[in-house]
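Rule-based calculations on the coordinates, nothing more; no lab input. Bear in mind the structure is a predicted one, so any value in this text is a computation, not a measurement. Glycine gets a Cβ as well: all are built from the backbone with ideal geometry, and neighbour counts include every protein chain shown.
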Amino acid sequence: AQAEARILMLSSNNILKPADGRPVTMPTQDMVLGLFFLTTDGELRDTKGEGRSFGSTAEAIMAFDAGELALQSAIDIRFPVGTIPPRGWTPPAREEGEPEWQQGDSFRLKTTLGRALFNELLPEDYPFVDYSVGKKQLSEIVNDLAERYPKVIVAATLDNLKASGFFWATRSGVTVAISDVVVPEAKKEIVRGYEAQDEKVQKQYERGLITKEERTQELIAIWTKATNEVAEAM
């Protein structure tokens, strides 16, 4: 029984759904926000240090720590031997006398420090991700990992994404304003309809037609439906 609990029931060995083989766990909410902040290169980004060249990710991190570089600034970074270039990447034209680039050689890439840090969370032999990673893109990456790598590596990568997502969500300083909360126009009408059902159940209880437990169950069912309907209307 102990062996079964340790091996078969361990969460790291149950990260895929038996129904379709997709991961059970997926980064959500604050984690997605933090990873999007890390990889975005939108127009509103901080461009401090943009255009600089670095011999490694470590050099770029030193510049970031010194306050001379922003996460989203477009920079040139040389990646070490063994790094897999982005899918669709083509090596630059070689100058006379230079050897032709081979798979596994080091290469330079115009990207951002944030994206370089994001790729450090992924397996070493995973192609470099050089685009903004939102919820949809993150889901595609995790599904790809689940298909190509052992469960242990996928579980470790998910842990890395979770920790980094929370960390950079905090560092981003992003918060939710009241103006971000959209109230659907149909909410009042939806709530009014379920309030009528609530009142009907309450009257049945007062007349002794249903027990207290039955009333509680019916009210939970009514307001669960109301919540789902409002969510669908958003």
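Here are some notes:
- The set of residues from the stretch 159-213 being in contact (Cβ under 8 Å) with a residue 40 or more places away in the chain, more than 18 Å from the chain's Cα centre (by Cα) and surrounded by 10 or more Cβ atoms within 10 Å (Cβ to Cβ) comprises Pro184, Ala186, Lys187, Ile190.
- Enumeration of residues in the stretch 59-81 that are surrounded by fewer than 11 Cβ atoms within 10 Å (Cβ to Cβ) and within 26 Å of Gly104 (Cβ to Cβ): Val81
- Filter result for Leu113 (closer than 20 Å to Met31 by Cβ, crowded, with 19+ Cβ neighbours inside 10 Å and under 13 Å from the mean Cα position of the chain (by Cα)): no
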